Amino acid sequence: MSSRTRARARAAKVPAGATTIRILRQRGRRRSNQPFIVVLPEQRSLTSELLGSLLRALWARRRPLAPIGIALTVLPATALLHVLVWWSGLALAPLAAGPLLWLLITQRRRPAADHAVWAWRAGLTMLGTAAAAWVALAAAFGPLAGPLELVWLFTLLAAQTVWFVIRRSH
């Protein structure tokens with residue numbers, strides 16, 4: 001009797017109120033005589049429905065919330081850096097001068113003719129310097145040490161406000 005004509009036992013127990021989908025034995029899997037069984041609930045729970053709708057709404061509006069996503073990613077990343085490699089704050093400290101270097105290069109290549117352009121560039125430089133300095137300090141001392149949690153919050157609020165203004169003006 002070949003393996004294709006032999007009867008297979010299908011006595012898998014299925015909970016009440018569930019739908020089963022049977023995926024027959026795949027080629028190359030000769031050791032297992034049991035088919036794969038996937039059990040799916042008929043109705044999703046209210047919690048999963050609410051969570052799914054919340055995630056879909058956040059995904060649909062992901063661009064306006066980019067600074068929040070970045071901030072919520074950087075906070076645990078710096079905590080992990082602090083726990084694993086506390087001296088990484090020393091390596092990240094020179095990055096705080098990056099926005100100032102950007103401002104100098106930008107002003108040299110394309111000088112700001114308007115005072116508003118200079119103000120935006122200076123504001124973005126201060127915001128970038130604050131964010132980079134916070135990352136270095138959070139990696140060295142921990143993201144919730146002393147006033148660093150308030151600095152994180154205020155930097156997040158400033159970045160989100162600037163992001164909304166820039167996106168609305170373009």
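The values are calculated or read from the model by the stated rules, or taken from the named source; none is laboratory data. Just so it is clear, the model here is predicted, and its values are computed rather than measured. As a convention, Cβ positions derive from the backbone with ideal geometry for all residues, glycine included, and neighbour counts pool all protein chains shown. To get the accessible areas, we keep the full protein, side chains included, count just its heavy atoms, and leave off ligands, DNA and RNA. Shrake-Rupley method; radii C 1.70, N 1.55, O 1.52, S 1.80 Å.
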Exactly one of (1) open to solvent by 100 Å² or more (accessible area, probe 1.4 Å); (2) over 22 Å from the mean Cα position of the chain (by Cα) is unmet by D114. Its number? (1)
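Hey, among W86, W152, which residue is touching a residue at least 24 places away in the same chain (Cβ under 8 Å) and outside any helix (DSSP H, G or I)? It would help to see each step written out before you state the result.
Details: W152 fails: outside any helix (DSSP H, G or I).
Step by step, each of W86, W152 is checked, and only W86 is touching a residue at least 24 places away in the same chain (Cβ under 8 Å) and outside any helix (DSSP H, G or I).
Can you tell me which of L153, L80 is closer than 30 Å to L58 by Cα and either open to solvent by 100 Å² or more (accessible area, probe 1.4 Å) or aromatic (F, W, Y) (or both)? Walk me through how you get there before you give the answer.
Details: L153 fails: either open to solvent by 100 Å² or more (accessible area, probe 1.4 Å) or aromatic (F, W, Y) (or both).
Result of the check over L153, L80: L80.
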Under 6 Å between Cβ atoms, at least 6 apart or on separate chains: pull out the pairs that start in segment 112-128 with a residue that is more than 15 Å from L101 (Cα to Cα) and end on any residue that is assigned to a helix (DSSP H, G or I) and open to solvent by 90 Å² or more (accessible area, probe 1.4 Å). A112/W118
Would it be correct to say that P143 is open to solvent by 40 Å² or more (accessible area, probe 1.4 Å) and modelled with pLDDT of 90 or more? no
Which residues, taken from segment 117-140, are open to solvent by 50 Å² or more (accessible area, probe 1.4 Å) and within 17 Å of P76 (Cα to Cα)? L137
